[in-house]
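Novice: Can you read through this structure? Questions will come right after.
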Amino acid sequence: MKKIILITIILIAFGWKGYSQIHYFGKVETGYLIFQYTTVQVDSGPDWKGYHLNEEQNGFDLNLINGVSFKNKFFTGLGIGYLNFEGINGFSIFMDLEYLPLKTKLTPLINLKIGYNHIWNQYENGTGSSILELGGGVNYRITEKFDIYMQSGLMITQQALLIPIKIGLRF
């Protein structure tokens, strides 16, 4: 028992530093979502009030992501986000997967987001939809703990195809 207490005191006094391949990370990102076209064609019925983004609105999002990284190359996490399509507000919940193929300061990145969002549009109680976003870009490692990245790609949600242009900070 005395050895355990002594080891605990030494670890606390000199700092506990583990060398694990798995680390926690957080990301903050924002992006501009450029509307391209509606992905479905609807034969309107009596309760139809238009497409979910009925005026082909562009939008922006703000996302917070928390997760784990493996060897600073593969990142996976859960995220929440705020959406705004020219006055139509909403939120999103998603899983974020990201891969950095190189360990250099400047490296390409591949990103995939899969999840759900809800917007309060012209329909009573709004509309919910799945999210699928596939992106690619560049990542710049500022320090060992801070990266900045830019990416673009394709996003399918709310009966629309959008092009997201995003910038973010990983810490």
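Novice: Just checking, does the range 58-73 include any residue being assigned to a strand (DSSP E or B), at pLDDT below 95, open to solvent by 60 Å² or more (accessible area, probe 1.4 Å) and not polar (S, T, N, Q)?
Specialist: Yes, the range 58-73 contains at least one residue that is assigned to a strand (DSSP E or B), at pLDDT below 95, open to solvent by 60 Å² or more (accessible area, probe 1.4 Å) and not polar (S, T, N, Q).
Novice: Another question about this same structure. Out of the residues in the range 146-171 meeting the condition of being within 25 Å of GLY128 (Cβ to Cβ), aliphatic (A, V, I, L, M) and touching a Ser or Thr at 6+ places or on another chain (Cβ under 8 Å), tell me which one is surrounded by the fewest Cβ atoms within 10 Å (Cβ to Cβ).
Specialist: LEU161
Novice: List the pairs whose first member sits in the range 146-161 and is touching a residue at least 12 places away in the same chain (Cβ under 8 Å), whose second member is open to solvent by less than 10 Å² (accessible area, probe 1.4 Å) and not in a strand (DSSP E or B), and whose Cβ atoms are under 6 Å apart, counting only residues at least 6 apart or on separate chains?
Specialist: Pairs found: GLN158/LEU53; ALA160/LEU53.
Novice: For residues that are part of a loop (DSSP other than H, G, I, E, B) and among the polar types (S, T, N, Q), scanning just the range 33-57, find the one that is modelled with the lowest pLDDT.
Specialist: Checked the range 33-57; the qualifying residue modelled with the lowest pLDDT is SER44.
Novice: Let me ask something else about it. Look through PHE91, PHE74 and report the one residue that is under 30 Å from LYS49 (Cα atoms), touching a Leu at 6+ places or on another chain (Cβ under 9 Å) and among the aromatic types (Phe, Trp, Tyr).
Specialist: Details: PHE74 fails: under 30 Å from LYS49 (Cα atoms).
PHE91 is the lone residue from the list that is under 30 Å from LYS49 (Cα atoms), touching a Leu at 6+ places or on another chain (Cβ under 9 Å) and among the aromatic types (Phe, Trp, Tyr).
Novice: Among the candidates GLY137, GLY79, GLY115, which residue alone is in contact with a Pro (Cβ under 8 Å, 6 or more places away or on another chain), open to solvent by less than 60 Å² (accessible area, probe 1.4 Å), free of Cβ contacts under 8 Å to residues at least 60 places away in the same chain and in a strand (DSSP E or B)?
Specialist: On the way: GLY79 fails: in contact with a Pro (Cβ under 8 Å, 6 or more places away or on another chain); GLY115 fails: in contact with a Pro (Cβ under 8 Å, 6 or more places away or on another chain).
That would be GLY137, the only listed residue that is in contact with a Pro (Cβ under 8 Å, 6 or more places away or on another chain), open to solvent by less than 60 Å² (accessible area, probe 1.4 Å), free of Cβ contacts under 8 Å to residues at least 60 places away in the same chain and in a strand (DSSP E or B).
Novice: OK, next. Take SER130 and tell me if it is out of contact with any helix residue (DSSP H, G or I) (no Cβ under 8 Å at 6 or more places or on another chain), outside any loop (DSSP other than H, G, I, E, B) and exposed (fewer than 13 other Cβ atoms within 10 Å of the Cβ).
Specialist: Numbers: out of contact with any helix residue (DSSP H, G or I) (no Cβ under 8 Å at 6 or more places or on another chain): yes; outside any loop (DSSP other than H, G, I, E, B): yes; exposed (fewer than 13 other Cβ atoms within 10 Å of the Cβ): yes.
So SER130 passes the test.
So that you can scan it fast, the table gives a plain yes or no per residue for (1) of a type in the set (Lys, Arg); (2) more than 18 Å from the chain's Cα centre (by Cα):
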| position | (1), (2) |
| --- | --- |
| SER92 | no, no |
| LEU100 | no, no |
| LYS103 | yes, yes |
| ILE119 | no, no |
| ASN125 | no, yes |
| GLU144 | no, yes |
| LYS166 | yes, no |
| PHE171 | no, no |
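Novice: Identify, please: which residue in the range 94-112 is open to solvent by less than 90 Å² (accessible area, probe 1.4 Å) and among the hydrophobic types (A, V, I, L, M, F, W, C) and is, among those, farthest from LYS49 (Cα to Cα)?
Specialist: First pass over the range 94-112, keeping only residues open to solvent by less than 90 Å² (accessible area, probe 1.4 Å): 94-98, 100-102, 104, 107-109, 111-112.
Narrowing the set further to residues that are among the hydrophobic types (A, V, I, L, M, F, W, C) leaves 94-95, 97, 100, 102, 109, 112.
On the way: PHE94: 27, MET95: 31, LEU97: 35, LEU100: 43, LEU102: 48, LEU109: 39, LEU112: 31 Å.
Going through the qualifying residues, I end up with LEU102.
Novice: I'm trying to understand the selection: among the residues of the range 31-55, which are of a type outside the set (A, V, I, L, M, F, W, C), touching a residue at least 24 places away in the same chain (Cβ under 8 Å) and either open to solvent by 100 Å² or more (accessible area, probe 1.4 Å) or farther than 14 Å from ASN121 by Cα (or both)? Break it down stepwise before answering.
Specialist: Taking the range 31-55 and keeping what is of a type outside the set (A, V, I, L, M, F, W, C), we get 31-32, 36-39, 41, 43-47, 49-52, 54-55.
Adding the requirement that they be touching a residue at least 24 places away in the same chain (Cβ under 8 Å) leaves 31-32, 36-39, 49-52, 54-55.
Correct list: GLY31, TYR32, GLN36, TYR37, THR38, THR39, LYS49, GLU55.
The values are calculated or read from the model by the stated rules, or taken from the named source; none is laboratory data. Given the structure is predicted, the values throughout are model-derived calculations rather than measurements. Glycine also receives a Cβ, built like all others from the backbone with ideal geometry; neighbour counts cover every protein chain displayed. These area figures cover heavy atoms from the full protein model, side chains too; ligands, DNA and RNA do not enter into them. Shrake-Rupley method; radii C 1.70, N 1.55, O 1.52, S 1.80 Å.
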